[in-house]
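Note sheet for the following structure.
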Amino acid sequence: MTRIYEHRGFWNRQFISLGIIVAVMIYGAWEVWFATTGPSTNAGFGMLFGFGGHDGYVFGILFILGGVYAFWTLLRDSSDIVASLDRNEATGETLTTLWRPLGPLKLAAGPGGLTNWRMYVKVGGRNLRIAYIYADHADYPRPLVFDVRRADLTGLRTIAPEAVAEYEAAVAPRT
């Protein structure tokens with residue numbers, strides 16, 4: 001297998017984000033535990049909002065719920081992004097790797113298993129436009145997302161020349 005696409009730094013960013021989320025949730029659990037077993041106080045930040053001495057409960061629950069929301073957002077936003085794509089030059093088979101919190105999801109496909117290659121432009125805040133390349137896989141329910149902003153496109157050009165050409169034309173400087 002030859003690596004024809006790799007999203008550099010993707011694994012590190014995901015695991016750092018996951019580590020921060022876990023730390024926040026542990027801190028929230030500690031706050032709830034300390035509020036349950038520690039001394040009760042009537043002073044604190046919660047007095048401003050009428051919570052009395054229950055700051056630990058409030059902040060603990062907020063940290064836990066915030067961590068759950070952050071974990072859900074991380075999964076939702078990263079579940080379809082391709083971390084790497086390997087191709088067997090002799091047979092044309094591909095192996096696509098997607099990030100998952102408990103280990104990578106590997107999708108194997110035969111020759112022509114990745115279909116419907118296309119460029120997609122995602123519009124974000126302040127009208128920011130980010131171009132991606134999408135592909136469909138027979139064993140995966142949603143399109144696979146290739147973040148090609150900082151990627152070497154040489155390998156993808158061999159498998160999806162039209163989509164890469166459309167992407168390069170879209171991001172080329174206007175003269």
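A few comments on the model shown:
- The stretch 23-48 - residue that is farther than 16 Å from Leu62 by Cβ and among the hydrophobic types (A, V, I, L, M, F, W, C) and, of those, modelled with the lowest pLDDT: Ala43
- All positions within the stretch 70-105 that are touching a strand residue (DSSP E or B) at 6+ places or on another chain (Cβ under 7 Å), closer than 23 Å to Val164 by Cα and not in a loop (DSSP other than H, G, I, E, B): Ile81, Val82, Ala83, Ser84, Leu85, Asp86, Arg87, Thr94, Leu95, Thr96, Thr97, Leu98
- Number of positions in the stretch 114-130 that are surrounded by 14 or more Cβ atoms within 10 Å (Cβ to Cβ) and among the aliphatic types (A, V, I, L, M): 2
For (1) surrounded by fewer than 16 Cβ atoms within 10 Å (Cβ to Cβ); (2) modelled with pLDDT of 90 or more, each residue gets a yes or a no:
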position	(1), (2)
Phe63	no, yes
Ala70	no, yes
Ile81	no, yes
Asn88	yes, yes
Leu107	no, yes
Gly112	yes, no
Ala135	no, yes
Glu162	yes, yes
Glu168	yes, no
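The values are calculated or read from the model by the stated rules, or taken from the named source; none is laboratory data. Please read all numbers here as calculations on a predicted model, not as lab measurements. Here the Cβ is made from the backbone with ideal geometry for all residues, glycine too, and neighbour counts use every protein chain on show.
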